[in-house]
Every structure is written in C-alpha cells, then in structure tokens.
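Heads up, the thing below is written out as structure tokens.
Here, each number is a calculation from the coordinates, and none is a lab measurement. Quick caveat, the model's predicted, so the values are computed rather than measured. Here the Cβ positions follow ideal geometry from the backbone for every residue, glycine too, while neighbour counts run over all protein chains shown.
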Amino acid sequence: MRLITKTADLEAFRQELAGAPFVAVDTEFMRETTYWPKLCLIQAAAPGVEAVIDPLADGLDLSPFMTLMADRSILKVFHAARQDLEIFLKIGGALPAPVFDTQIGAMAAGYGDTVAYDALVQQILKRRLDKSSRFTDWSRRPLSENQLAYALADVTHLRDLFPKMREKLERDDRLSWLDEEHANLLDPDIYDTTPENAWQRLKLRKTTADYVLGLQVAAAWRERQAQARDVPRGRIVKDEALYEIAEHRPKSAADFDRMRAVPRGFGNSRAAQDLIQALDRAFADPNRAHYKHERLPPLPSGLGPTVELLKVLLRYEADRHNVAPRLIASASDVEAIAADDDADVAALRGWRRKVFGERALALKHGQLALKLKDGKVSVEAA
C-alpha cells in the first residue's frame with residue numbers, strides 16, 4: 001500500500017504518471033455537515049503505478065497533483081465524475097481535462113443508464129467489490145489498512161475496466177457519441193456557486209416579478225450564509241421557507257413568526273435582520289431588473305398521442321442499439337420533434353439523428369408503423 005503524505009513523494013508520483021496514457025482517479029470526501037466538500041483522500045492509478053494520497057496530512061501541498069490534473073496529454077478517468085470535478089475545481093481553480101466518465105461511457109456501451117460502479121465492475125471485470133468500508137468516516141485518522149485498500153480498489157478496478165470499455169466503444173464506433181456529454185461535464189457554469197444565481201436551483205411556484213425578486217434575494221442570502229458558515233443550505237433554512245419569504249416579504253420578526261417553514265425564533269436573529277435589509281434594498285432599488293417569465297409555447301392540441309408513440313420508438317431504438325434512452329433524447333426533445341420537424345434539439349443532430357431522429361420523423365409522417373405482436377414491439381414500413 002503506497003500512502004502519500006509528503007509533497008516530495010507526491011511530486012515523485014506525478015513524475016511516474018507523467019508518461020501514462022490515462023490515470024484513473026477517485027476521491028473520498030465528507031459533505032453531510034458542510035457546504036463545501038471536505039476532501040479526505042485522493043486515489044490514483046495508471047498502468048503499473050497506484051497510490052492513495054492523504055490531503056489532510058500536515059504540510060502536504062497538492063500542487064503536483066493539480067499539475068497532473070491540468071496535463072492535457074493524460075486522460076483523466078472517473079466514474080460519476082461530477083462531484084470529483086467540483087472538488088478539484090474548488091481546490092485548484094480549474095477543471096481537470098481531458099476527462100472520461102465511465103458512467104457516461106456505460107450508457108453508450110450498453111451497460112445501463114446511470115449504472116452504479118459496483119454493477120459496472122461486475123459486468124465488465126466479473127469482480128465483486130468489497131463493501132465493508134462503504135460507510136467509513138474518511139476524515140478520521142488514522143485510517144486502517146483495510147480502509148485504505150478499499151479506497152485504492154476503486155481506482156485499480158477503474159484502471160482495469162476503462163481499456164475494456166474504450167475498446168468496446170471503439171469497436172462499435174461510439175467514442176464520439178460521448179463528446180457532447182463530456183464537454184458538458186467541463187462547463188464551469190454547472191459548478192457555479194455564485195449566490196446571485198442560487199435561485200435558479202429552485203422551481204418557481206409563481207412568475208410575478210415581485211415574487212421572483214423576493215426568491216432571488218432570499219436564495220442569495222441563504223447561499224452566502226451557508227458558504228460563510230460552511231454548513232448545508234438546509235441548515236440555514238429549508239427551501240420551503242424561501243418560498244414563504246418570497247411570497248410574504250417579511251418586514252419584522254413577527255412576520256417571520258407567522259411563517260410555518262421558518263424556525264421558531266428565527267425572526268429575532270441577526271441573520272433575519274440581514275435578510276430583511278437585503279429585501280428592502282432590492283425592492284427600493286429603482287434600477288432593479290424586472291423578471292419576465294418566458295413561457296414555452298404549449299404543445300399543439302392533440303399532439304399527446306404522437307409524443308407517446310415517439311417515446312415507444314425511442315425505447316425500441318435504444319434497445320435495438322443497446323444504448324441508454326437518456327443518451328439519445330430527453331423527454332423535451334421528443335416533445336419538440338412531435339411539434340416541429342426542424343426542432344433545434346440534439347436528437348435531430350449527428351449520431352442521434354441517425355439512431356433515432358430520422359426514424360422519429362418517419363413515424364410521425366406515417367412512413368413507419370409500430371406493431372405489437374406476442375408482447376413485443378416491432379417497427380415496419382407503413
């Protein structure tokens with residue numbers, strides 16, 4: 001077991017990995033009681049070399065590893081990469097690149113939709129993962145040899161399964177199918193924690209300008225509080241409280257006391273006064289932006305059956321090509337195609353058009369027919 005706790009050893013490890021074609025990476029972190037994820041371990045493995053890195057070790061500088069993450073000559077392989085990427089963006093200021101996410105790859109390779117890591121290892125490598133340390137508190141020290149071995153196994157299995165998955169994708173000419181999904185993973189906007197944008201995570205219950213402004217202010221206030229105190233958003237106030245605040249726009253402690261979702265006594269806190277002042281400033285600003293809700297045009301009347309038939313076709317084509325339906329088309333894509341032959345959706349471009357889009361249009365215009373026989377769907381020329 002190679003456990004790295006010193007910067008010089010981490011630099012030596014980086015140099016060993018420098019010529020590798022890819023490196024499998026995973027992290028262990030804690031986030032149950034914090035806003036920011038607390039990085040507790042980094043695991044990395046390439047052909048012939050592997051190690052566990054302890055970012056909590058006194059004096060350890062992670063710069064050598066961040067240099068590796070920024071090296072565009074080395075492919076970084078993750079499984080379900082988003083939270084790992086978020087952590088590296090937070091500590092290093094940049095997203096690792098290029099990346100390959102085996103959970104995304106699994107959708108194109110026929111291993112399932114949003115497949116769990118242990119299931120993927122079982123399917124490709126025929127190995128069963130040890131789950132004995134699954135609920136470890138990774139922030140505690142020292143970690144046992146068993147815990148470190150459990151953590152390292154996540155990347156040694158990943159190192160072994162990635163070439164097999166890539167080979168299958170290359171054989172089926174599907175590697176390019178993943179380009180758009182991986183590009184989306186490397187979009188910094190999806191990791192944005194700017195307080196002023198926090199309201200966009202919430203589902204609007206009303207679209208009046210005053211309600212939306214109240215929600216924007218309340219959500220930004222909560223985000224700042226959570227970041228400054230490093231606690232989960234829900235520890236400040238729940239989402240339901242934000243909706244009530246946006247609806248009633250409190251001006252006093254008594255106003256908060258009348259809200260069901262706001263904790264008792266919250267109105268007397270300094271945080272509540274800060275929120276009242278933020279609301280007052282926003283509504284008093286003569287230059288404030290007025291939210292205008294852009295409603296999507298409703299589906300043409302009677303289009304529902306067409307949408308349902310296209311969904312059946314999507315499922316059929318996904319099964320026929322052994323690919324997850326979600327990778328081909330979203331529900332909104334299907335609705336858009338039902339309404340417009342020239343809809344600007346991914347399902348009518350590139351490989352998705354060949355796999356589904358062209359046949360969806362053919363079905364829509366009566367050139368194909370769906371048939372059900374002996375409990376199985378088939379597609380035939382009309």
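A few remarks follow.
- Taking HIS248, HIS79 and counting other C-beta atoms within 10 Å, the order from fewest to most: HIS248, HIS79
- Nonlocal amide H pairs with GLY110, under 5 Å, H built at 1.01 Å: ALA324
- Taking 18 Å as the limit for the C-alpha separation, the pairs LYS203/LYS238; LYS38/LYS238; LYS76/LYS126; LYS76/LYS131 exceed it in the case of LYS38/LYS238; LYS76/LYS126; LYS76/LYS131.
- Partner lysines whose Cα lies under 20 Å from the Cα of LYS364, excluding those fewer than 8 positions away in the same chain, are identified as LYS311, LYS354.
- Estimated at 0.36 nm per residue, the fully extended path between ASP113 and ARG258 surpasses their Cα-Cα distance by 47.7 nm.
- Euclidean distance between Cα centres, the range 209-268 to the range 116-134, Å: 42
- Packing-based ranking, highest mean first, of 258-265, 328-335 given that Cβ atoms within 10 Å are counted: 328-335, 258-265
- GNM on the chain, alpha-carbon springs under 10 angstrom: the most fluctuating residue among LEU309, LEU75, LEU178 is LEU309.
- For ALA80, the residues whose amide H sits under 5 Å from its own are THR102, GLN103, ILE104, ignoring neighbours fewer than 5 places away on the same chain, with H placed 1.01 Å from N.
- With the highest mean first, a sort of the peptides 226-233, 280-287 on other beta-carbon atoms found within 10 angstrom per residue produces 226-233, 280-287.
- Counting every C-alpha pair in the range 3-191, the share spaced more than 22 angstrom apart comes to 45%.
- Tensor-based shape of the range 255-311 (alpha-carbon gyration tensor, a/c under 1.5 rounded, otherwise prolate or oblate): oblate
- Within straight-line cross-link reach of LYS371, aspartates and glutamates at Cα separation under 12 Å, skipping those fewer than 8 residues along the same chain: GLU380
- Residue-wise HN-Hα coupling along the range 150-162, computed from phi with Karplus coefficients 6.51, -1.76, 1.60 (Hz; x: Gly, Pro): 4, 5, 5, 4, 4, 8, 5, 5, 4, 4, 7, 7, 4
- Compared with the alpha-carbon gap, the fully stretched path from ARG353 to LYS206 is longer by 49.3 nm at 0.36 nm per residue.
- Approximating the spin labels as points 7 Å out from Cα along Cα→Cβ, the ARG326-to-ASN146 distance works out to 3.4 nm.
- Per-residue Karplus couplings for the range 196-213, computed as 6.51 cos²θ - 1.76 cosθ + 1.60 with θ equal to phi - 60°, are listed in order as 5, 9, 4, 4, 5, 7, 9, 7, 5, 9, 9, 10, 5, 4, 5, 5, 5, 4 Hz, Gly and Pro entered as x.
- Here the Karplus relation 6.51 cos²θ - 1.76 cosθ + 1.60, evaluated at θ = phi - 60°, turns the backbone of the range 50-62 into coupling constants of 7, 6, 10, 10, 9, x, 8, 5, 4, x, 6, 9, 7 Hz, with x for every Gly and Pro.
- Option label - P(r) over Cα pairs in 20 Å bins from 0, in percent computed here, alternatives (i) 22, 43, 33, 2; (ii) 29, 55, 16, 0; (iii) 30, 60, 10, 0: (i)
- Projected label distance in nm at ASP280 and ASP341, using a 7 Å step from Cα toward the beta-carbon: 6.1
- Across the alpha-carbon atoms of the range 195-284, the computed radius of gyration and Dmax are 11.8, 32 angstrom.
- Using a Förster distance of 22 Å, the FRET efficiency for TRP36-ALA70 (Cβ separation, nearest 0.05): 0.55
- Summarising the label geometry, the points placed 7 Å from Cα in the beta-carbon direction at LEU56 and ILE91 lie 1.2 nm from one another.
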